[in-house]
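Right, one structure below, let's go through it.
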Amino acid sequence: MTFLSYRATWFLPIALLRLLLTAVIRDVGEYTYDQSDKLESYYDFIVVGAGSAGAALASRLSEVEGWRVLLLEAGGEPPPESHIPALYPLLQQGSADWGYYITRQKEGLFGFKEQRIPFPRGKVVGGSSTINYMMYVRGNRRDFDNWAALGNPGWDYASVLPYFIKSEDYRGTYNVATTNYHGFGGPLTVDDKKWYSPILHGFLAAGQMLGYKIIDANGPEQIGFSVPEMTIRDGWRWSTAEAYLRPAAHRENLHVVLNAHVYNVIFNEYKQAIGVRFEHHRRTRIAIAKHEVILSGGAVGSPHMLMLSGVGPAKHLQEYGIPVIADVPGVGQNFQDHVSIFGLTWTTDPGHSINMLTFASPSAIRDYIFDREGPFASPIAIEAHAWIESDEGDPYWPELQFLFIAGTATLDKGLGIPEIIGYDKKFFHKYYKSIFDKEGFSIAPMLTRAKSRGSVTLQSRDPKVAPLIDPNYLSHPKDVENLVKGIKFALKVGGSPAMEKYGARFHDKTLPGCEREAKDSDAYWECVVRHLSATTYHIAGSCKMAPPSDPYGVVDNTLKVRGVSRLRVVDASIMPIVVSANTNAATIMIGERAADIIKLEYGVYR
């Protein structure tokens, strides 16, 4: 079966459902973010990228009435299905996705086609917050204290917590005891996951049997089991476009221009950023910034734009004939991602997990259309997560997070999921075909503090040619060792009495490619790690925030780029080390904090 027929088979019933849902939901298609008709030539600040950080930053800067702010986004309006939480899988490899692929990996992805995978990133207003899973997890307090300890004052936990709180409009009910850690009335709605399958209770009970508490993952400590909080309001995805840009639409000093692909930053003879060159409706345009240009293109987009603009490793830029404005070796280096093993699968007795009929039932459709409730009001699959103590160093700074998925990779009987994730089809069918008709769950160990480092580099000086993205997965042996530990803990949870009551049975078929290793040995599990580990879409670090003593630093603690002036980077790429959790919440916090840093520098105290 060809790729198109696989995709068509999987998408046809969901596409019909999408049309039905969006046809009766008000607001879809009734609002436009694009203000191209207002585009001018001069602004005080130009923000490139309307994603998780960029949308928050531009909105906050435009609170200053005397500042004119231009927000340029390469993508367009949110597609209708992006508003409905359960339909997020439709967004990958669609019009709202950049369509990136990573390079062939040497140490892993052995179970994936050509040892490379799709790498979704949002090309749409709201960026990846418009296509992501909507999970709101801030990270461990030690993550931020470590950023400060590495030479970045002002980024410790005590300094960043107020910005998490400022951004949040908390509507949850599970975590009353940690109210002081939440914000109320901010732009970003955070709420409980409203719908889940019965087997969630088994996972939480298993954690308690193993000695763990049910926690607020955004509270004071992270060790324990938790039901995730989501960026959803009343059954509607609450992206940064909805949270920050739509409420600011009435401001005459904020112009949002969509389908504007920025080619490069323009510098004057003093290495000052004075504007950007971009394509809009097939025309090359220039916009000039009186004060600053701010890149918020994410961990792929921002280093790519810097290098195209002449800021990066000099030798690398010269290879592509790009005039060097500033030799900054760290641009595109220090690239990090969270690796997860999504293939550990248990089957269960029928009726405890989810299947395709869960979403095709008339009651599910009716509940969403009339009440914004039911399975469509929450993203499918991940229903809980957990963190366990670290074996080394501070035990409360975990190296592993576990994602509990109420379903298996065979949810659609192999019709579309292998293509979306990137599995090798022969490998996938050989391993999973025997359980295509079974309900079940998965427990995915996720490496929160990977030691492997990758890179983003050029493959052309043409701005329309994607950069080379090499996460360099599993290149450090400690990462493999920790994931093996993660597998063993997942097996404890899945095999606990709390899960047995649901008929949980581990799918212990020998993994193709690992037949030579003794079953259940460390060598066997290492083989599993190298075959099944893949991205969790939490990329960061490629424009590292660091003091001058670090030769691979790209921005300082005020997010100004080295070697030039009037240029900053504000997004997940500035993280020296990726946070020990999903990255969206921390990326929004970076946008909030950067806005205040800029305001204070210009004497605006609000």
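Side notes on the structure shown:
- The share of C-alpha pairs in the stretch 133-234 whose separation exceeds 16 Å stands at 62 percent.
- With a cut-off of 12 Å on the backbone N, the residues of the stretch 27-68 near the modelled label site 7 Å out from residue 249 along Cα-Cβ are 27-35.
- Label-point separation, residue 104 to residue 116 (7 Å along Cα→Cβ), nm: 0.9 nm
- Sorted from greatest to least, the principal axis extents spanned by the alpha carbons of the chain come out as 68, 52, 52 Å.
- Taken over the alpha carbons of the stretch 541-583 as equal point scatterers, the Debye sum produces base-10 log I(q)/I(0) values at 0.22, 0.26 Å⁻¹ of -0.65, -0.85.
- The stretch 351-409 - Debye-derived log10 I(q)/I(0), Cα point model, q = 0.15, 0.26 Å⁻¹: -0.59, -1.03
- Two-site FRET efficiency, residue 284 against residue 425, from Cβ-Cβ distance with R₀ of 25 Å, rounded to 0.05: 0.05
- Those GluC sites (Glu not before Pro) in the stretch 482-533 that DSSP places in a loop and that have at most 16 other beta carbons within 10 Å: 515
- Counting only aspartates and glutamates at least 8 places from residue 433 when in the same chain, those with an alpha carbon closer than 19 Å to its own are 349, 412, 419, 424, 508, 515.
- Cα-based convex hull volume of the stretch 175-237 per residue, rounded to whole Å³: 93 Å³
- Evaluated on the stretch 276-365, the Kirkwood hydrodynamic radius is 18.2 Å, with distances taken between all distinct Cα atoms.
- Label zone of residue 32 (point 7 Å out along Cα→Cβ, amide N under 19 Å): in the stretch 244-261 this covers 245-261.
- Here the sum of -39500 (n - 2.57) over DSSP H runs of 4 or more residues, divided by the residues of the chain, equals -7500 deg cm²/dmol at 222 nm, to the nearest 500.
- 3J(HN,Hα) couplings calculated from phi for the stretch 555-571 with the Karplus curve 6.51 cos²θ - 1.76 cosθ + 1.60 (θ = phi - 60°) are, in sequence order, 10, 8, 6, 9, 6, 7, 7, 5, x, 9, 9, 6, 9, 10, 10, 9, 4 Hz; Gly and Pro show x.
- Applying both filters, DSSP loop and at most 11 other Cβ atoms within 10 Å, to the trypsin sites (Lys or Arg not before Pro) of the stretch 502-552 gives 516, 519.
- Reachable lysines from residue 501, criterion Cα separation under 20 angstrom, eight or more residues apart if same chain: 438, 492
- In sequence order, calculated HN-Hα J values of the stretch 421-437 (Karplus, 6.51, -1.76, 1.60; Hz; x Gly/Pro): 6, x, 4, 5, 5, 5, 4, 4, 5, 4, 7, 10, 4, 5, 10, 4, 9
- Listed from fewest to most Cβ neighbours within 10 Å, the set 346, 236, 525 follows the order 236, 525, 346.
- Projecting the Cα atoms of 265, 301, 226 onto the charge dipole of the stretch 203-303 (Cβ charges, centred on the Cα centre) puts 265 farthest toward the positive pole.
- In plain terms, the chain from residue 159 to residue 549 could stretch by 138.1 nm, reckoned as 0.36 nm per residue minus the Cα-Cα distance.
- For the pair residue 492 and residue 565, label points projected 7 Å from Cα toward Cβ lie 5.7 nm apart.
- Anisotropy class of the stretch 229-345 from Cα gyration tensor, a/c 1.5 cut: oblate
- Counting only the Cα atoms, the stretch 424-465 fills a convex hull of 196 Å³ per residue.
- Computed from the Cβ-Cβ distance with R0 of 41 Å, the FRET efficiency linking residue 213 to residue 272 stands at 0.20.
- Environment charge of residue 191, counting only residues whose C-beta is closer than 14 Å and scoring Lys/Arg +1, Asp/Glu -1: -2
- Inter-label distance, residue 389 to residue 558: 4.4 nm, where each label sits 7 Å from its Cα along the C-beta direction.
- Counting Lys and Arg as +1 and Asp and Glu as -1 over every other residue whose Cβ lies under 10 Å from the Cβ of residue 218, the net charge comes to -2.
- Dividing the Cα radius of gyration of the stretch 43-198 by 2.2 N^0.38 Å, with N the residue count, gives 1.25.
- Farthest towards the positive end of the charge dipole of the chain, among the residues 375, 536, 586, is the Cα of 536, using unit charges on the Cβ of Lys, Arg, Asp and Glu.
- DSSP-loop chymotrypsin sites (Phe, Trp or Tyr not before Pro) across the stretch 414-489, with at most 14 other Cβ within 10 angstrom: 436
- Burial ranking of peptide ranges 584-592, 113-121 (average Cβ count within 10 Å, highest at the top): 584-592, 113-121
- Cross-link table 113/451; 290/315; 106/485; 106/426, entries beyond 28 Å C-alpha to C-alpha: 290/315
- Descending by average beta-carbon neighbour count within 10 Å, the peptides 267-279, 309-321 line up as 309-321, 267-279, the highest first.
- Antiparallel content of DSSP bridges confined to the chain, in %, to 5: 70 percent
- Taking the inverse of the mean reciprocal distance over all distinct Cα pairs, the Kirkwood hydrodynamic radius of the stretch 499-606 comes to 17.8 Å.
Bear in mind that the values in this text are calculations on the coordinates, not laboratory data. Everything numeric here is computed off the predicted structure, so don't read it as measured data. A quick note on method: Cβ atoms are made from the backbone with ideal geometry, for glycine too, and the neighbour counts reach across all protein chains shown.
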